[in-house]
Amino acid sequence: MKALRLMTPFLAVVITGSVDADPLPPAHSHHKTVVVKREVVVQPTPLRSVVALALGDTVTRLPVGHLRLEHRGQAYFYHDGLFYQRQGRGFVVVRPVAGMRISKLPRGYTTVRTGNTVIYRYRHSSYRRVNGFYVVV
């Protein structure tokens with residue numbers, strides 16, 4: 001009878017198959033799901049002050065994002081449709097020379113069609129598309 005009393009707890013574990021322990025994680029659980037809740041605040045972009053420059057106007061600093069171009073041995077700077085050339089301690093807005101190339105037309109250009117020819121105009125400059133570039137004409 002004593003032997004039966006000692007075996008009773010053992011038999012209970014064997015029959016039910018469980019002991020008071022944490023269950024094992026499922027096999028092959030490589031994926032984890034993570035939920036992140038975050039508040040996103042969207043603020044409008046501040047307005048840029050736009051200064052309309054004309055031919056002959058001088059600036060002390062070139063706009064951020066300008067490009068440096070060389071044409072026939074002369075250094076020019078280009079930004080958003082305007083060409084600049086160094087003069088003294090500043091930069092003067094100049095008319096582009098025919099043959100100068102840019103890769104992207106400035107914002108606000110207009111398209112003029114004359115027969116089969118397409119010309120793109122922006123302020124005082126005219127461009128034609130040639131081999132993926134826009135060439136001043």
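The values are calculated or read from the model by the stated rules, or taken from the named source; none is laboratory data. This is a predicted model, so every value here is computed, not measured. Every residue, glycine among them, receives a Cβ derived from its backbone with ideal geometry; neighbour counts consider all protein chains shown.
At pLDDT 90 or above and aliphatic (A, V, I, L, M): does that describe residue 82? Yes: the conditions hold for residue 82. Count of segment 51-71 residues, restricted to those that are under 24 Å from the mean Cα position of the chain (by Cα), assigned to a loop (DSSP other than H, G, I, E, B) and surrounded by 12 or more Cβ atoms within 10 Å (Cβ to Cβ), is 3. Picking from residues in segment 109-137 that are under 21 Å from residue 93 (Cα atoms) and at pLDDT below 90, the one that is surrounded by the most Cβ atoms within 10 Å (Cβ to Cβ) is 125. Among the residues of segment 83-116, those that are among the hydrophobic types (A, V, I, L, M, F, W, C) and touching an Asp or Glu at 6+ places or on another chain (Cβ under 9 Å) comprise 92, 93.
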